[in-house]
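The values are calculated or read from the model by the stated rules, or taken from the named source; none is laboratory data. Note that the structure is a prediction, hence the values are computed from the model and not measured. Here the Cβ is made from the backbone with ideal geometry for all residues, glycine too, and neighbour counts use every protein chain on show. Calculation scope for accessible area: heavy atoms of the full protein, side chains included, ligands and nucleic acids excluded. Shrake-Rupley method; radii C 1.70, N 1.55, O 1.52, S 1.80 Å.
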Amino acid sequence: MGTMCMPMPADRKAYLDDNYSSGSGSHVVLKSSFVGSTYYAAVQITKQGEMEGESPVVFTIAAVAKTSSAQGEFCYKSMDETVGPGLSQCPPGILKLLTPIDELERLGVVTGDSLKWASEWRERCRKHAEGKKRRARLKEGDRIKLPYKVRFVGGLEADTFTKVNLPRRRNVFRPEGDSSFVRLTSQHLDDAELLA
């Protein structure tokens, strides 16, 4: 699906909640949240049986929308977890509501590569959430080590860093053996091991 644009709604979250829901009740947003400019939602889907008297199939998958706004316009690109979006900071509260991967496979509603991509996306989201908790616990003087070297402007390369607190700055570290300050990305911190 391409990017949709429209005049800025009064409430972006309410607009997307309504967009992912249906009047018939076949699609219901159970929970949603914005993380930065990305919208995440647990959408419960009810598929009616193909034959008369067949029970409906009910499952919940994640919806993801990359959004932007400028000059009074709101744009979003809609996708779901089965396409394996790169945007993988879905809150744990939404992940908990999703139908387990093996159940999706058993129901036959997600198969093949889509099942693999959904599973990998959920794992990336869990890893990000765990890394976020770990990052929040880092305090001044904590040492971390990455499984690879990071190259910075000026040619500095390092894999071991010490946490430094600077006013109004996040993720600031001092590379081991150097007196400069560097910033590490959340991806770096997700990969880091805390040294004793």
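For the chain, every cysteine has a partner cysteine C-beta closer than 4.7 Å. Helix 112-137 axis versus longest C-alpha principal axis of the chain: approximately 40°, rounded to the nearest ten. With contacts taken as Cα pairs under 8 Å and at least 6 residues apart, region 77-173 reaches a relative contact order of 24 percent. When the pairs LYS31/LYS132; LYS13/LYS66; LYS13/LYS77; LYS66/LYS132 are compared against a 19 Å limit on Cα-Cα distance, LYS31/LYS132; LYS66/LYS132 fall above it. For VAL35, nonlocal amide neighbours, meaning residues 5 or more places apart or on other chains whose placed amide H falls under 5 Å from its own, are TYR40. The charge dipole of the chain, taken about its Cα centre with unit charges on the Cβ atoms of Lys, Arg (+1), Asp and Glu (-1) only, comes to about 1240 debye. Every pair of different Cα atoms in region 81-153 enters the Kirkwood calculation, which places the hydrodynamic radius at 14.5 Å. Restricting the GluC sites (Glu not before Pro) of region 88-165 to loop positions (DSSP other than H, G, I, E, B) with no more than 10 neighbouring Cβ atoms within 10 Å leaves GLU140.
Largest first and in whole Å, what are the equivalent-ellipsoid semi-axes of the chain based on the Cα gyration tensor, each being the root of 5 times an eigenvalue?
They are 40, 21, 13 Å, listed largest first.
A Förster radius of 41 Å, combined with the Cβ-Cβ distance separating VAL164 from SER37, puts the computed FRET efficiency at roughly 0.90.
Residues of region 32-72 falling in the label zone of VAL83, defined by backbone nitrogen less than 14 Å from a point 7 Å along Cα to beta-carbon, are 39, 62-67.
Think of a 1.4 Å ball rolled over the protein heavy atoms: the chain then has 60 Å² of accessible area per residue. For the chain, the residue among GLN187, LEU107, VAL64 whose Cα projects farthest onto the positive side of the dipole built from Cβ charges is GLN187. Exposed loop sites here are trypsin sites (Lys or Arg not before Pro) assigned a DSSP state other than H, G, I, E or B and surrounded by at most 12 other beta carbons within 10 Å; excluding them, the longest clear run of the chain is 1-95.
Only protein heavy atoms count here; on that basis, with a 1.4 Å probe, LEU97 has an accessible area of about 70 Å².
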